[in-house]
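The values are calculated or read from the model by the stated rules, or taken from the named source; none is laboratory data. Just so it is clear, the model here is predicted, and its values are computed rather than measured. Note: ideal-geometry Cβ built from the backbone for every residue, glycine included; neighbour counts use all protein chains shown. For accessibility, only protein heavy atoms count, side chains too; no ligands or nucleic acids. Shrake-Rupley method; radii C 1.70, N 1.55, O 1.52, S 1.80 Å.
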Amino acid sequence: AADFVGIVNQQKGRYYSDVVVKLLTDDAAVNDSVMQGFEWLQKQVTPKDVGMVFIAGHGVTDERGDYFFLPFNADLDALARTSVPFNEFKSRLANLRGKGLLFVDTCHSGNVMGSRQRLSNDVTGVLNELSSVEYGLVVIASSTGRQVSLEHESWGNGAFTKALVEGLAGQADLKKRGRITHKMLDFYVSDRVEELTKGQQTPVNASPQGVPDFTIAVATLPKS
């Protein structure tokens, strides 16, 4: 999350006149803080803005099909009280007045569910709903519902986040046009993750029907 914020901040004064962020990591990312962050974003984004949400962590679906994002203080035996329910995603992110993008790097290698067979980490249906015409979010997720999102110490991140940061830093501008659209970013991330994981992980993209491709970053960043 910190690396994502860092690369997006470099667009300030370039593609965007301003970049405003709220970063929640580790023990700051409890359920109340995450939901307040959604509310903050909803108030910040105007029709002229692009609102981006990056989530890294775990998400589970219970036996009724209800999705919950697991924040720092999540308790699998008390999901309704300690997690972030899908309704919060829908009510906050789906009503952004500007363009909206959701990057989801979830379901990492640890067995978060243990022996709780009633829970599933397949959130494909949730992501598809958020990208429906009704909600209008462009969603790029780290892997298919049944896959694990791989990490390696040498990458400094999971494969998906590494590829995402590289893409936004300019690598997704494959035709050297000086700009990066969400479809260009999706293509780069998918190809790069497949390369990093030797085909073990396949990112997925879901975009609303009728929403055209749009620029989200410029490709050439200032030299350090």
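Determine the relative contact order of the stretch 46-108: mean sequence separation of Cα pairs under 8 Å and six or more apart, normalised by residue count, in whole percent.
Contact order relative to length: 50 percent.
Just flag the GluC sites (Glu not before Pro) in the stretch 6-113 sitting in loop per DSSP whose Cβ has no more than 14 other Cβ atoms within 10 Å.
Glu63
Name the lysines eligible as straight-distance cross-link partners of Lys90: C-alpha to C-alpha under 20 Å, and not fewer than 8 places from it in the same chain.
Answer for Lys90, where 20 Å is the Cα cut-off: Lys22, Lys43, Lys99, listed by chain and number.
Compute, for Arg192, the solvent-accessible surface of its heavy atoms (probe 1.4 Å) with the complete set of protein chains present, and express it in square angstrom to the nearest 10.
Approximately 50 Å² of Arg192 is accessible to the 1.4 Å probe.
Under a Cβ-Cβ cut-off of 12 Å, what is the net charge of the residues other than Ser17 that fall near it, where Lys and Arg count +1 and Asp and Glu count -1?
Neighbour charge sum, excluding Ser17 itself: +1.
Restricting to Cα pairs below 8 Å that are 6+ residues apart, what does the relative contact order work out to for the stretch 1-79? Please round to a whole percent.
Numbers: 55 pairs, mean separation 24.4, N = 79.
Worked out over the stretch 1-79, it gives 31 percent.
So which lysines can Lys162 reach, going by Cα to Cα under 19 Å and dropping same-chain residues fewer than 8 places off?
Reachable lysines: Lys183, Lys198.
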